[in-house]
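The values are calculated or read from the model by the stated rules, or taken from the named source; none is laboratory data. Just so it is clear, the structure is predicted and the values come from calculations on it, not from any experiment. Glycine gets a Cβ as well: all are built from the backbone with ideal geometry, and neighbour counts include every protein chain shown. The protein model used for the area step is the full one, side chains on, heavy atoms only, and it has no ligands, DNA or RNA in it. Shrake-Rupley method; radii C 1.70, N 1.55, O 1.52, S 1.80 Å.
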Amino acid sequence: MKKSVSLKKNHEFKRLYSKGRTTVTPYMVIYSRKTKTGHNRIGITVTKKLGKAVHRNRVRRRLKEIYRVNEDKFAVGYDIVAVARVSSRFAEFKQLEQAFLDAGAKLGLLAGSEKGDEL
């Protein structure tokens, strides 16, 4: 069962940047905010600093796959935005996955963790 949908609108991203919690890894910055919905919404941002479209899309696909594979480990009811850093272009898949999960744990996004922010 799919528990997530995509963040698409600019104002949704801006709200997370200004009011969400954040954590930084060498490969990405993760923003999160608790919502009252029964599902997660995920957005992925990749800047032109990473290179041409081929490289940006590859990083975006990898981050989407990392979330999809580990979706059941995340608590429900959060908006999450992952902003890729330049170093993510050269990282191994396992390194990206570990950084994503570590960031989720720091923010309390993983199921069973208690650091999640209040409404």
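Is it the case, given these coordinates, that Leu16 is assigned to a loop (DSSP other than H, G, I, E, B) and at pLDDT below 95? No, not satisfied. Scan the stretch 49-68 for residues that are of a type in the set (D, E, K, R) and either touching a helix residue (DSSP H, G or I) at 6+ places or on another chain (Cβ under 7 Å) or on the phi > 0 side of the Ramachandran plot (or both) and the total you get is 3. Restricted to the stretch 1-42, and to residues there that are of a type in the set (Val, Ile, Thr) and in contact with a helix residue (DSSP H, G or I) (Cβ under 7 Å, 6 or more places away or on another chain), the residue that is farthest from Leu101 (Cα to Cα) is Ile42.
Here is a yes/no grid of residues against (1) small (Gly, Ala, Ser); (2) within 11 Å of the chain's Cα centre (by Cα):
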| position | (1), (2) |
| --- | --- |
| Gly20 | yes, no |
| Tyr27 | no, no |
| Ile80 | no, yes |
| Val86 | no, no |
| Gly112 | yes, no |
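Of all residues in the stretch 4-38, those being farther than 11 Å from Val83 by Cβ and open to solvent by 60 Å² or more (accessible area, probe 1.4 Å) number 16. Among the residues of the stretch 39-77, those that are of a type in the set (Val, Ile, Thr) and out of contact with any strand residue (DSSP E or B) (no Cβ under 8 Å at 6 or more places or on another chain) comprise Val54, Ile66, Val69.
Taking the stretch 39-55 as the range and being outside any strand (DSSP E or B) and either among the hydrophobic types (A, V, I, L, M, F, W, C) or open to solvent by less than 50 Å² (accessible area, probe 1.4 Å) (or both) as the test, the residues that pass are Val46, Leu50, Gly51, Ala53, Val54.
Quick one: is Asp79 outside any loop (DSSP other than H, G, I, E, B), touching a Lys or Arg at 6+ places or on another chain (Cβ under 9 Å) and either open to solvent by less than 90 Å² (accessible area, probe 1.4 Å) or free of Cβ contacts under 8 Å to residues at least 60 places away in the same chain (or both)? Answer is yes for this residue.
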